[in-house]
Amino acid sequence: GDSVTQMEGPVTLSEEAFLTINCTYTATGYPSLFWYVQYPGEGLQLLLKATKADDKGSNKGFEATYRKETTSFHLEKGSVQVSDSAVYFCALRNPYGQNFVFGPGTRLSVLP
Amino acid sequence: EPEVTQTPSHQVTQMGQEVILRCVPISNHLYFYWYRQILGQKVEFLVSFYNNEISEKSEIFDDQFSVERPDGSNFTLKIRSTKLEDSAMYFCASSATGDTQYFGPGTRLTVL
């Protein structure tokens, strides 16, 4: 079945550091790919998405590129802030189904 | 900006009791979903609902669970006889097209 793998957390960075959170997937067909963020005590918020190969999703300084050849959708940000501290979930939606498959989440802590 | 809302934010119940979790999806959306997240674990798909019927469900969604759209605005998840292992955060989501899903803030269910 479809699956999403993310790098193990927690990830702890200093403010203004560069962030990469790796995400790889296994899916039949060509899924849409998403990053969701969950701030403490809140629900899931869509951060960015990409629906086809080589698409780049971006939002709030975060970027991720849909790499079909490596089945990856790594999340990057050039300079993190304390307010970026949250859990980040990579997810896919297979065009043949309706549900999302989520990765386990990566907790990011940014220290001032 | 329209958002998905869920009530209550926290529900405490005794094992064996029935609970109903309520969601108000974004008003022009047609696809509705329930997910759950056991504390510290990944977000898991439960069920999707479209055109007044279940379109997909996971193995978790057994006979103890049911969903309903009783009117034009609410979408409910009923757990008929709660078990300790049903304790989790339950997220409702909605989508206009079946692609990008927008999540509510969640209901934390605690079964004692």
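The values are calculated or read from the model by the stated rules, or taken from the named source; none is laboratory data. Note that the structure is predicted; figures quoted are calculated from it, not measured. A quick note on method: Cβ atoms are made from the backbone with ideal geometry, for glycine too, and the neighbour counts reach across all protein chains shown. Heavy atoms of the whole protein, side chains included, go into the accessibility calculation; ligands, DNA and RNA do not. Shrake-Rupley method; radii C 1.70, N 1.55, O 1.52, S 1.80 Å.
Is it true that some residue in region B:39-57 is farther than 30 Å from residue A:52 by Cβ, aliphatic (A, V, I, L, M) and open to solvent by less than 40 Å² (accessible area, probe 1.4 Å)?
Checked against the condition, which is being farther than 30 Å from residue A:52 by Cβ, aliphatic (A, V, I, L, M) and open to solvent by less than 40 Å² (accessible area, probe 1.4 Å), region B:39-57 yields no hits at all.
Residue A:68 - would you say it is away from every other protein chain (no Cβ under 14 Å) and either of a type in the set (S, T, N, Q) or within 26 Å of residue B:4 (Cβ to Cβ) (or both)?
no
Considering only region A:1-21, how many residues are over 18 Å from residue A:112 (Cα atoms) and in a strand (DSSP E or B)?
We begin by selecting, within region A:1-21, every residue over 18 Å from residue A:112 (Cα atoms); these are A:1-9, A:20-21.
Among the residues that remain, those that are also in a strand (DSSP E or B) are: A:3-6, A:20-21.
Selection size over region A:1-21: 6.
Looking only at region B:78-112, which residues are among the polar types (S, T, N, Q), open to solvent by less than 20 Å² (accessible area, probe 1.4 Å) and away from chain A (no Cβ under 14 Å)?
B:82
For every residue, the table says whether it meets (1) at positive phi; (2) among the polar types (S, T, N, Q).
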residue	(1), (2)
B:39	no, no
B:51	yes, yes
B:64	no, yes
B:90	no, no
B:100	no, yes
B:110	no, yes
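How many residues, within region B:1-24, are buried (at least 20 other Cβ atoms within 10 Å of the Cβ) and closer than 18 Å to residue A:36 by Cα?
Qualifying residue count, region B:1-24: 1.
Which numbered condition trips up residue A:42, out of (1) under 19 Å from residue A:107 (Cβ atoms); (2) away from chain B (no Cβ under 12 Å); (3) out of contact with any Ser or Thr (no Cβ under 8 Å at 6 or more places or on another chain); (4) surrounded by fewer than 16 Cβ atoms within 10 Å (Cβ to Cβ)?
Tallying (1) under 19 Å from residue A:107 (Cβ atoms); (2) away from chain B (no Cβ under 12 Å); (3) out of contact with any Ser or Thr (no Cβ under 8 Å at 6 or more places or on another chain); (4) surrounded by fewer than 16 Cβ atoms within 10 Å (Cβ to Cβ), residue A:42 fails exactly one: (2).
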